[in-house]
Amino acid sequence: MKYIVPTKSQETLNIALNVVRERRDKVGDKFDAQIQRWIDAGLRENPDSISLLSMQADMFDLQKRYDDSAILYRKLLDRKDLVGIPRAVVLNNLAFLVALAEKSTATDIDPMKLVNEALDILGPSSDILDTRAIVFISRGQYKEAVADLELSVTDNPTASKYFHLAQAHLGAKESRAAVDAWEKAEGLGLSRESLNRMEFDRFEKAKAQIDKIRGTSVTKSDRLGKAG
């Protein structure tokens, strides 16, 4: 069985998934039924399509059905025809999911093993380094996360990657570096909605920490100004 290159209709479906993910707080599940019908129709024609099954896992993730998403990714990884880039993508996605999940049927999976296999396939790409950093953060290994993220944002800076860098610096008690990373994330459009829904609580927690640090800095500046 060979990997099936996405057709035009699958590309359109992928775009629809991305749009709904980005605007989830505004549109809710309004388009979920239609997107699911498209996925179901495609899978009836080609039930073994790696592309469509990956989209189904993404759909489960979008709907907060994280266990279902993880189960489907695991089934895909058991397939001998999942090789090369498609395998690296599934490995990366599952590692990301498991690292962020607090409770999941996938708790027997080692996300570091997954992401390191993806690295073996694709090399240290920006997105995979970002995922490995998230795994490090989940383990409290903040210095290692910072090292990966500094490489990741150099190659392909995004709001979410700078957010993760701010998280890592906060964990490492590096307040000034955390604020710097946060402000770079804001400059690239950081908002709660720009992140995966599993990160919403982490965003609020980090934002509160950053606001506290900023407030402390302002207070100190005011005092110095008055003293001068």
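Quick notes on this one:
- Simple label model, 7 Å out from Cα along Cβ direction - Thr216 to Asp25, nm: 2.7
- Rg and Dmax, both from the Cα atoms of the stretch 1-95 and both in Å, are 13.0, 40.
- Relative to the Cα centre, the charge distribution of the chain, modelled as +1 at Lys and Arg Cβ and -1 at Asp and Glu Cβ, gives a dipole magnitude of about 580 debye.
- Value at 222 nm in deg cm²/dmol, rounded to 500, when DSSP H runs of n ≥ 4 in the chain each add -39,500 (n - 2.57): -24000 deg cm²/dmol
- Rel. contact order, % - alpha carbon contacts under 8 angstrom, at least six apart, the chain: 13
- Cα-based radius of gyration of the stretch 138-209 once divided by 2.2 N^0.38 Å, which approximates compact folds: 0.98
- Rounded to the nearest 20, the Cβ-based charge dipole of the stretch 119-220 about its Cα centre (Lys and Arg +1, Asp and Glu -1) stands at 500 debye.
- Correct option for Rg and Dmax of the Cα atoms in Å [calculated from the coordinates] among (i) 20.1, 65; (ii) 19.6, 76; (iii) 18.2, 56: (ii)
- In terms of distances greater than 19 angstrom between alpha carbons, the cross-link table entries Lys26/Lys205; Lys173/Lys212; Lys161/Lys212; Lys26/Lys212; Lys64/Lys212 yield Lys26/Lys205; Lys161/Lys212; Lys26/Lys212; Lys64/Lys212.
- Packing-based order for 28-35, 55-62, 129-136, using average beta carbon neighbours within 10 Å, highest first: 129-136, 55-62, 28-35
- Cα gyration tensor shape of the stretch 80-194, rounded if a/c is under 1.5, else prolate or oblate by comparing a/b with b/c: prolate
- The charge dipole of the stretch 49-158, taken about its Cα centre with unit charges on the Cβ of Lys, Arg, Asp and Glu (plus for the first two, minus for the last two), comes to roughly 280 debye.
- Accessible area of the chain belonging to carbon and sulfur atoms, whole % at 1.4 Å probe: 52
- Packing order of peptides 202-212, 64-74, highest average first: 64-74, 202-212 (average count of other Cβ atoms within 10 Å over each peptide's residues).
The values are calculated or read from the model by the stated rules, or taken from the named source; none is laboratory data. Note that the structure is predicted; figures quoted are calculated from it, not measured. We place every Cβ from the backbone using ideal geometry, glycine too, and count neighbours over all the protein chains shown. For accessibility, only protein heavy atoms count, side chains too; no ligands or nucleic acids. Shrake-Rupley method; radii C 1.70, N 1.55, O 1.52, S 1.80 Å.
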